[in-house]
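**Q** If you scroll down you'll find the structure; I have some questions about it.
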Amino acid sequence: MSVLDRIGKKLLFSFDPETAHGLSIAALRCGLPVASPSSRDARSPTHDARLKVRICGLDFPNPLGMAAGYDKNAEVPDALLRLGFGFAEVGTITPLPQPGNPKPRIFRLTADEAVINRLGFNNEGHAAAEKRLAARKGRSGIVGVNIGANKDSADRVSDYERGVARFAPYASYLTVNISSPNTPGLRSMQAREQLGELLSRVMAARATASAQPPVFLKIAPDLVEVELEDIAAEVAEKEIDGVIVSNTTLSRTGLHATSLAGEAGGLSGKPLFERSTAVLARMRKLLGPEIAIIGVGGVDSTETALEKIRAGADLVQLYTGMIYAGPALPGRIVAGMARFVERERLGSIRELRDTACERWTSKVLS
Ligand SMILES: Cc1cc2nc3c(=O)[nH]c(=O)nc-3n(C[C@H](O)[C@H](O)[C@H](O)COP(=O)(O)O)c2cc1C
């Protein structure tokens, strides 16, 4: 971490997490030079041809993306791409604006390099995000849109249908998020019968939308074997393009900072790495080689990003790692990936995929 990054982190950590988040978005919106100039250079590691990944008809310049939840209202996707990310996912966006849960609702577990959040889909709603995405239409860069349901919705499935219809013209891909632990009852949509209906209706909505981007399903890390099997079966049957593994966890296993461990919400960051990677490997085994998987949870270095790919991921995302390491992290991770493919003489980062799938699958889900 550079001196400048250290000062920036100290400054942001002097604010409560939600204020710090707002300041970081404002900084990106104002175009503050948080990215190294080299990340915009065509010769930079973020543009190394060996890091390119083609899945679902999309050409990702590199496999590292910004996970959902940072840019909930689609304010700064292009600024995120300039940090060195190969793609950015905005959202979760619900049809109507909603305030989310009462504050405080984000907690830093510094000793664990983790975060607990119970935001509850606070966002400005479809119309505000659509306006911003429409304004960037035609620009290059892969921007996914993560859609959700309003807390008080009478018909949650129809909220997802509306999300598909609204954002299909602007989204490089759509993510159906049913794995946030902070909207009561949402995760039960992962159960087979409910999931089957949701996915059928989402895919029907896509078929009649004005564009047909790939659809990914984002799942929780707290699922047991039989639930994973059911999800994989529905994903295959409904011809979903990919799965994002995973959202935050309800588990508090392995935390050092026990004082905040009792806060309700989803845990992210370092302690999530093991569990989310073990679930990802199981998903790869269940889905086979063709269906796309995005690995997320505890990525904070080149090595953890590469390990997700070894476990079976085509692409990788992060969020909490950047809270602790600052905005230079994506550029650093991607530069490390470029050095890795050079050192190992790989023609493509893709050659790494699944090479540790068996090892990760053999870990017991505790
Ligand atoms: C403060 C915060 C807000 C989040 N909000 C969302 C969200 O709105 N939608 C979503 O799909 N995931 C959300 N996530 C989950 C992340 O996208 C990611 O799946 C999870 O944090 C694990 O990755 P990480 O360990 O790199 O943070 C959020 C995570 C955090 C820390």
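**Q** Rounded, prolate or oblate for the stretch 68-220? Axes are the square roots of the Cα gyration tensor eigenvalues, ordered a ≥ b ≥ c, and the cut-off for rounded is a/c under 1.5. Provide the component values of the computation, followed by the final result.
**A** Details: a/c = 1.61, a/b = 1.06, b/c = 1.52.
Oblate, since a/c reaches 1.5 and b/c is not below a/b.
**Q** Let me ask you something else. Once you compute Rg and the Kirkwood Rh from C-alpha atoms, what is the Rg to Rh ratio for the chain?
**A** Values: Rg = 18.8 Å, Rh = 20.3 Å.
Taking Rg over the Kirkwood Rh, I get 0.93.
**Q** Between residue 4 and residue 251, what FRET efficiency follows from the Cβ-Cβ distance if R0 is 41 Å, with the result rounded to 0.05? Intermediate values should be presented prior to the final figure.
**A** On the way: r = 35 Å, r/R0 = 0.86.
For residue 4 and residue 251, the calculated efficiency is 0.70.
**Q** May I pose another question? Give, in nm to one decimal, the length gained when the segment between residue 225 and residue 188 is fully stretched (0.36 nm per residue of separation minus the Cα-Cα distance).
**A** Values: separation 37, 0.36 × 37 = 13.32 nm, distance 1.57 nm.
Gain on extension, residue 225 to residue 188, equals 11.8 nm.
**Q** Additional query: Give the residues of the stretch 213-238 whose amide nitrogen is closer than 20 Å to a point set 7 Å from the Cα of residue 290 in the direction of its Cβ.
**A** 213-217, 229-238
**Q** Okay, next question. Round to the nearest 0.05 the FRET efficiency obtained for residue 52 and residue 339 when R0 = 22 Å and r is the Cβ-Cβ distance.
**A** Efficiency computed from Cβ-Cβ geometry: 0.85.
**Q** Sequence gap at least 6, Cα distance under 8 Å: using those rules, report the relative contact order of the chain to the nearest whole percent.
**A** 18 percent.
**Q** How many nm is it between the label spots at residue 263 and residue 128, if each spot is 7 Å from the Cα in line with the beta carbon?
**A** So the two model labels end up 2.2 nm from each other.
**Q** Quick check on my link table: of 131/218; 9/103; 137/218; 10/52; 52/137; 72/270, which ones sit more than 29 Å apart, alpha carbon to alpha carbon?
**A** 10/52
**Q** Further question: Under the rule of -39500 (n - 2.57) per DSSP H run of 4 or more residues, summed and divided by the residues of the chain, what mean residue ellipticity at 222 nm is obtained, to the nearest 500 deg cm²/dmol?
**A** Details: 12 runs with 134 residues, N = 366.
Taken over the chain, the calculation gives -11000 deg cm²/dmol.
**Q** Using amide H atoms built 1.01 Å from N in the peptide plane, name the residues 5+ places from residue 217, or on other chains, whose amide H lies under 5 Å from its own.
**A** Answer set, sorted by chain and number: 176, 242, 243, 244.
**Q** Moving on. Can you tell me which lysines have their Cα less than 16 Å from the Cα of residue 285? Leave out same-chain residues fewer than eight positions away.
**A** The reachable lysines, counting only those whose Cα sits under 16 Å from residue 285, are 308, 363.
**Q** On full extension of the chain, what length is gained from residue 233 through residue 30, given 0.36 nm per residue of separation minus the C-alpha to C-alpha distance?
**A** Length difference between fully extended and current span is 68.6 nm.
Any read-out appearing in this document is the output of simple, stated calculations on the displayed coordinates, not a laboratory observation. Note that the coordinates shown come from a computational prediction; the quantities given were computed from them, not determined experimentally. For neighbour counting, all protein chains shown are included, and Cβ atoms are generated from backbone atoms with ideal geometry for every residue, glycine included.
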